[in-house]
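The values are calculated or read from the model by the stated rules, or taken from the named source; none is laboratory data. Keep in mind that this is a model prediction, so the values were computed, not measured. Here the Cβ positions follow ideal geometry from the backbone for every residue, glycine too, while neighbour counts run over all protein chains shown. Accessible surface areas use protein heavy atoms only, side chains included; no ligands, DNA or RNA. Shrake-Rupley method; radii C 1.70, N 1.55, O 1.52, S 1.80 Å.
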Amino acid sequence: MAYATTNPYTNEVLKQFPEATDQEVQAALARGYEAYEAWRTTSFAERAKVLKALGALLRRDADKLARLAALEMGKVLAEGKAEVILSAEICEYYAEHAEDLLKPEELKVSNPAIGRPKIVYEPQGIVLAIEPWNFPYYQVVRIAAPQISAGNAVILKHAGNLPQCAAVCQELFEEAGAPKGLFQNLYLARHHTEMVLNDPRSCGVALTGSEGAGSVVAGIAGKALKKATMELGGSDAFIVLDDADLEKTVKWAVFGRHWNAGQVCVSAKRIIVVDSLYDRFVELYKKGISELKAGDPLDPSTNYAPLSSQKAADDLRAQVEEAKKHGAQVETIPLPIPNQGAFFQPMIMTGLDEKNEARHWEFFGPVTQLYRAKDEADAIRIANDSPYGLGGSVFTKDEARGARVAAKIRTGMVFINHPTGTKAELPFGGIARSGYGRELIDLGIKEFVNHKLINIVDIDAPF
């Protein structure tokens, strides 16, 4: 695969980078394992020192890093800076809590004569992190921070359109005091995934990406008998119940579907509104979308960005056309967008009944799938009519009702009165085709039980 910086606002190729050679990968494995062997014996306090320093560096460079993300994948500056600050918070969280999260656990036994057993958590080697372009820093840090705090080393294989964001991640880790080799960015070719996972010095892989990539990498990991965590696609339901605060809900809906130009796994892709509020919601929702400001991601006033690449925009248009062949009706929202770059006109899609298989597709961009539900029960039915199970949200003035509805939605997490999201201290993961595995979860009896997060959030919409 090619590694290149292409500005999605201009489609100009700014810089290209060669793929790593097989020899460079082997050398990186040797460096990484040597660093791991030393790092695994360090104290939690020493590991925390590096992570705290990394958090401080991220905060120091937040503006610069946000500009780099805008240049490579089109993220607007405010969102880019918020992502960098979240990444700093993740570093600081694990610096403070890793020792407690990994403390030995005594086991209950049926007979004291068995002994006094306890579980001790130990690092295992090099973790391969295969990460996507939509969150250049967060996706890296949310894997690297817990793994390095646990005593492992990390090799990063970032997305091909983020070579400079990937490189700066290694630079910051090393400036923070991480030993050479503990965190390495490599411009890996496709066959290098198998090379790394087949190597006895690696202990597993963490991937965020498409279902196709997850299937391939999970297969390689399984054949190599290596552990894997996968966070894959999502088509989150955004349920609006009949007692929702409509003005606040609409603002969150506009944000929840269009932040990062709609290129978010937990974006509010399927908006499900009960019949009594549907018409008014749609009126306000269209108005909210039309008031977004499209433009250069480097302009602080821009809040609607281009897609990450021209290919992403072209692929999304082709997917919409295919959905229309299956009976979907599509309305384009009259938002002025520049006549350049990888911009995509926001759209609302209806007609997604049981006969239209497009209702089961993930649209990775500003295409809203809109559903009218008869009532609460029908909204839950529509929400669960999906092959995905990443996240979802419920909007209602009655938080207890929201929690009851959330418990009936088959996903990894549900937020009440807030679009699906995460913070440093919240677990993240999904079920079904949205992936499997989380960082630092219990095993044994809980291994095949969904670790579902239900979170009630009481904050105003971001407008």
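Hey, does the range 53-76 have a residue that's under 14 Å from Leu182 (Cβ atoms) and either touching a Gly at 6+ places or on another chain (Cβ under 8 Å) or touching a residue at least 60 places away in the same chain (Cβ under 8 Å) (or both)? Yes, the range 53-76 contains a residue that is under 14 Å from Leu182 (Cβ atoms) and either touching a Gly at 6+ places or on another chain (Cβ under 8 Å) or touching a residue at least 60 places away in the same chain (Cβ under 8 Å) (or both). Residues that are surrounded by fewer than 24 Cβ atoms within 10 Å (Cβ to Cβ) and part of a loop (DSSP other than H, G, I, E, B) were ranked within the range 117-132; the one that is farthest from the chain's Cα centre (by Cα) is Pro117. Could we say that Ala28 is closer than 22 Å to Gln164 by Cβ and open to solvent by less than 60 Å² (accessible area, probe 1.4 Å) here? Yes, satisfied.
Of all residues in the range 339-352, those satisfying the criterion of being free of Cβ contacts under 8 Å to residues at least 60 places away in the same chain, within 19 Å of Asn303 (Cα to Cα) and assigned to a loop (DSSP other than H, G, I, E, B) are Asn339, Phe343, Gln345. From the list Lys423, Lys452, Lys374, pick out the single residue that is modelled with pLDDT under 90 and either in contact with an Asp or Glu (Cβ under 7 Å, 6 or more places away or on another chain) or open to solvent by 70 Å² or more (accessible area, probe 1.4 Å) (or both). It is Lys423. Counting only residues that are open to solvent by 20 Å² or more (accessible area, probe 1.4 Å) and farther than 24 Å from Ser290 by Cα, the range 336-371 holds 7 of them. Here Ile143 passes the criteria (1) open to solvent by less than 20 Å² (accessible area, probe 1.4 Å); (2) at pLDDT 95 or above; (3) of a type in the set (A, V, I, L, M) except the one numbered (2). Return a yes/no flag: does the range 37-54 have any residue that is aliphatic (A, V, I, L, M) and touching a Lys or Arg at 6+ places or on another chain (Cβ under 8 Å). There is no residue in the range 37-54 that is aliphatic (A, V, I, L, M) and touching a Lys or Arg at 6+ places or on another chain (Cβ under 8 Å).
Would you mind listing the strands (runs of 3 or more DSSP E) fully within the range 236-332 where at least 1 residues are open to solvent by 20 Å² or more (accessible area, probe 1.4 Å), touching a residue at least 12 places away in the same chain (Cβ under 8 Å) and farther than 27 Å from Ala4 by Cα? Fully inside the range 236-332 and qualifying: 329-332. The condition of being open to solvent by less than 10 Å² (accessible area, probe 1.4 Å), modelled with pLDDT under 95 and either closer than 13 Å to Gly233 by Cβ or over 14 Å from the mean Cα position of the chain (by Cα) (or both) holds for only one of Gly430, Gly402, Gly412, that being Gly412.
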